[in-house]
Ligand code: SP5
Ligand code: ZN
């Protein structure tokens, strides 16, 4: 196993989000990763830092492929002085170049949970760089489980729509990169539907996408994640969603995971990317599944049985008391150090 992490993640530290008109404390905070790293160090996992550097040309090319280039150019250059929240949302879908930054933000932003801070680009691009580095490592060492522990997360970031605490779709960076070598499957086990990843690959068959999550009829991201979303054009048949009711237990989750993996296996991908959110845990403050800490080992053991070279990328998980134990339990399931 090889674990990369992003020591500069704390530069992105949102204070607030807005929910139903109320200002509430931010959930996607530096303490999440600090707790994970604390537990992994305690358990003597070797950790490789990926430092913040100017974004590499390869990464920029990958980002401009999976995201709208006008979005990447905008977020890379905006340099806000304070937390930037949108005041209006451009629901028409047109992108104009003029306007105040908070108006421009409304072209790309889809909610009030995902502010742009002065160092958001630094942190988000470093996480994307770490995931790209992890994907390269996996391509050279396919027998090794490669893990990227960093933030901010990415799976809600779509082609030109960011939200849900996500700015750059980290898992999609890896999927795009690895798809140039062989076909890729993305398995998203975060509590929330991986709408961004689904969006980016919805018309492609070389990257198949599969998400197990809370039913969007009652939980974020609300507008995607339904069972009947199967892909379009060349991607028709290459997306699967498994929406679940509240209160899902270990015993109820396991057969759904097995169905998802059976579908992935039937497509015979050369690489597997796991979008790992541990907000499915029973103690998560913003979610309502009932998975136990011990179950994450079983989840990983089930995934590893596929025998596909695997990259694990951190997404959500908001119970800072147990997030480290949950991630450590998952990694222990791979029986690699
Ligand atoms: C990566 C990831 O897990 N993103 C999740 C984004 C979900 N955002 C939903 C925010 C819910 C509002 N939190 C305040 C709770 C008030 N009851
Ligand atoms: Zn989540």
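The residues on offer are 150, 163, 158, 154, and the sole one that is over 24 Å from residue 265 (Cα atoms), surrounded by fewer than 24 Cβ atoms within 10 Å (Cβ to Cβ) and within 16 Å of ligand 1 (Cβ to nearest atom) is 163. Scanning the range 267-285 for residues that are part of a loop (DSSP other than H, G, I, E, B), within 25 Å of residue 320 (Cβ to Cβ) and either in contact (Cβ under 8 Å) with a residue 12 or more places away in the chain or touching a helix residue (DSSP H, G or I) at 6+ places or on another chain (Cβ under 9 Å) (or both) yields 277, 278, 279, 280, 283, 284, 285.
Comparison of 188, 250 shows that the only residue that is within 16 Å of ligand 1 (Cβ to nearest atom), closer than 24 Å to residue 306 by Cα and in contact (Cβ under 8 Å) with a residue 40 or more places away in the chain is 188.
Among the candidates 235, 225, 194, 247, the residue that is touching a helix residue (DSSP H, G or I) at 6+ places or on another chain (Cβ under 8 Å) and surrounded by fewer than 24 Cβ atoms within 10 Å (Cβ to Cβ) is uniquely 235. Residue-level analysis places residue 125 among those that are under 12 Å from residue 166 (Cα atoms) and surrounded by 12 or more Cβ atoms within 10 Å (Cβ to Cβ). Could you check, for the range 244-266, whether at least one of its residues is in contact with a strand residue (DSSP E or B) (Cβ under 9 Å, 6 or more places away or on another chain) and assigned to a strand (DSSP E or B)? Taking every residue of the range 244-266 in turn, at least one turns out to be in contact with a strand residue (DSSP E or B) (Cβ under 9 Å, 6 or more places away or on another chain) and assigned to a strand (DSSP E or B). Of the numbered criteria (1) farther than 15 Å from residue 155 by Cβ; (2) away from ligand 2 (no atom under 14 Å from the Cβ), the one residue 244 fails is (2).
Tally up the residues in the range 286-311 that are outside any loop (DSSP other than H, G, I, E, B) and either more than 20 Å from the chain's Cα centre (by Cα) or away from ligand 1 (no atom under 15 Å from the Cβ) (or both), please. The total comes to 12. Just so you know, in the range 143-156 the residues that are within 13 Å of residue 120 (Cβ to Cβ) and under 8 Å from the mean Cα position of the chain (by Cα) include one that is farthest from ligand 2 (Cβ to nearest atom), and it is 154.
Condition check ((1) within 16 Å of ligand 2 (Cβ to nearest atom); (2) over 20 Å from residue 139 (Cα atoms); (3) surrounded by 18 or more Cβ atoms within 10 Å (Cβ to Cβ)) across all residues:
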{"residue": "264", "(1), (2), (3)": "no, no, yes"}
{"residue": "275", "(1), (2), (3)": "yes, no, yes"}
{"residue": "285", "(1), (2), (3)": "yes, yes, no"}
{"residue": "288", "(1), (2), (3)": "yes, yes, no"}
{"residue": "294", "(1), (2), (3)": "no, yes, no"}
{"residue": "298", "(1), (2), (3)": "no, yes, yes"}
{"residue": "310", "(1), (2), (3)": "no, no, yes"}
{"residue": "322", "(1), (2), (3)": "yes, yes, yes"}
{"residue": "329", "(1), (2), (3)": "no, yes, yes"}
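For the residues 197, 209, the requirement of being within 13 Å of ligand 2 (Cβ to nearest atom) and within 22 Å of residue 306 (Cα to Cα) singles out 197.
All of the numbers you see were taken from the coordinates with simple rules; none came from a lab. Owing to the predicted nature of the structure, the values given are computational and were not obtained by experimental measurement. So basically every Cβ, Gly included, is an ideal-geometry build from the backbone, and we count neighbours across all protein chains shown.
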